[in-house]
1. Hey, can you grab everything whose amide H is under 5 Å from the amide H of A217? Only 5+ residues off in sequence or another chain; H modelled, so Pro and N-termini drop out.
2. Keeping all protein chains in place, calculate the accessible area per residue for the chain (probe 1.4 angstrom), answer in Å².
3. Could you state the number of Å between the C-alpha centres of segment 166-201 and segment 263-341?
4. State the Cα centre-to-centre distance between segment 34-108 and segment 1-32 in whole Å.
5. Give the carbon-plus-sulfur fraction of the accessible surface of segment 30-78 in %, rounded to a whole number; probe 1.4 Å, heavy atoms of protein chains only.
6. So for segment 127-247: antiparallel DSSP bridges make up what percent, rounded to the nearest 5?
7. Mind ordering 255-266, 301-312 by average Cβ neighbours within 10 Å, highest first?
8. Using amide H atoms built 1.01 Å from N in the peptide plane, name the residues 5+ places from H83, or on other chains, whose amide H lies under 5 Å from its own.
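The values are calculated or read from the model by the stated rules, or taken from the named source; none is laboratory data. Since we're looking at a predicted model, the values are computed, not measured. Cβ placement follows ideal geometry from the backbone for every residue including glycine, while neighbour counts extend to all protein chains displayed. Just the protein is used for accessible areas: all its heavy atoms, side chains included, with ligands, DNA and RNA removed. Shrake-Rupley method; radii C 1.70, N 1.55, O 1.52, S 1.80 Å.
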Amino acid sequence: MAITETDAVIIGAGPCGLFAVFELGMLNAQCHLIDILDKPGGQCAELYPDKPIYDIPAIPSLTGKELTDNLLEQTAPFNPVFHLNTRADALEAMDDGRWKLTTSTGDEFITRAVVIAAGGGSFNPRKLPLAEAGRYVDGKGLSYAVRDAQAFSGKRVVIAGGGDSAVDWAVALTGRAAHVTLVHRRSEFRAAPATLAKLQSLMEAGQIDVQVGTILALHGEDHLQSVELNTPAGAIQLPCDELLAFYGLVASLEEVSSFGLTMRNGRVAVDTSNFETSLPGVYAIGDITDYPGKLKLILSGFHEAALMAHHAIQRIHPQARNTFQHSTTAMQLRLGKEKTTC
Ligand SMILES: Cc1cc2nc3c(=O)[nH]c(=O)nc-3n(C[C@H](O)[C@H](O)[C@H](O)COP(=O)(O)OP(=O)(O)OC[C@H]3O[C@@H](n4cnc5c(N)ncnc54)[C@H](O)[C@@H]3O)c2cc1C
């Protein structure tokens with residue numbers, strides 16, 4: 001368990017959480033970001049990486065992945081620290097006015113400013129709907145994410161699902177695993193064209209088996225040994241050391257709801273002059289907020305991040321003289337560049 005003291009902790013590394021790093025960074029605040037996903041970008045990276053977005057001001061069109069990559073580049077000068085595959089679980093007020101945030105890894109963050117940019121909630125994998133599934137998690141053969149690809153070396157791997165994650169990992173683990181079988185209820189898959197082409201060539205080379213079917217049951221005493229499938233040709237058993245199930249994600253607001261914040265229509269109520277919640281020093285921005293006229297748009301979240309940062313910095317650095325500066329000036333100072341004269 002690690003204890004980290006920092007200026008601001010941001011829950012959620014979606015577009016609004018990432019832009020909050022920029023706005024706070026311009027005001028000289030160091031940020032740690034926590035996200036349950038294995039990559040930054042929130043909905044843009046997880047739900048629509050290849051779809052074009054047309055309403056980011058002054059950028060006629062860019063995909064969800066390009067927006068995420070651009071935000072990461074824009075925030076890089078401020079050295080944000082990412083804690084991925086990590087859920088923000090509990091928030092506790094400390095006697096000195098700071099907050100203690102505890103995560104699913106048992107780590108603690110002590111901070112003056114917490115920014116909740118949790119979108120629709122923490123993304124969790126949809127579980128395999130079988131009574132026995134729970135027996136095989138935690139290192140006994142069933143996983144819903146890849147934490148360490150090496151754990152699949154030399155194993156007979158079955159991957160269930162038809163989307164990007166299933167196809168990406170089927171391709172990535174081929175060669176490392178002893179054998180890979182991709183199981184999906186249809187023969188069509190939804191993934192990036194280049195990955196689909198790779199899957200096709202691995203299938204033709206006999207390096208990946210694709211099986212149309214659904215999982216009926218899991219078998220094995222202490223560890224998973226085989227997966228029973230319902231296929232168009234009837235029930236079959238696949239020998240299996242590791243099953244990876246990628247059935248999509250469901251969003252949960254359980255953790256944020258437990259923080260003791262005033263909620264409005266199931267979302268976090270905020271003061272729209274500074275995006276502070278009902279708890280002093282706890283802010284909320286992006287899709288997680290609700291206020292009169294709220295639009296769930298990325299550009300709204302960017303505006304909210306700017307107002308949040310200018311209020312939060314007064315708590316983070318109360319002694320500092322916080323004068324408003326445009327990025328044209330502030331970034332030159334931060335990056336150590338010479339001021340341009342006109
Ligand atoms: C298909 C689709 C198309 C869209 N197109 C557009 C568009 O064209 N223009 C537009 O403006 N908007 C669009 N949107 C909406 C836009 O994506 C959202 O408004 C935006 O992603 C909200 O950003 P956010 O940072 O508030 O939240 P999110 O992007 O949802 O990110 C929140 C992050 O917080 C994490 N999180 C939540 N709770 C926890 C916790 N307790 N611990 C750890 N991590 C947590 C989640 O895992 C997630 O990664 C679209 C949405 C979809 C689904």
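1. Close amide H contacts, sequence-distant or interchain: E228.
2. Working: 16780 Å² over 342 residues.
That works out to 49 Å² for each residue.
3. 42
4. First find each Cα centre; the distance between them is then 9 Å.
5. On the way: 1410 of 2470 Å².
Accessible surface attributable to carbon and sulfur in segment 30-78 totals 57 percent.
6. Numbers: 11 of 28 bridges.
Around 40 percent antiparallel, to the nearest 5.
7. Working: 255-266: 14.8, 301-312: 22.3.
Most protected by this proxy first, the peptides run 301-312, 255-266.
8. Amide H neighbours of H83, under 5 Å, 5+ apart: L33, I34, D35.
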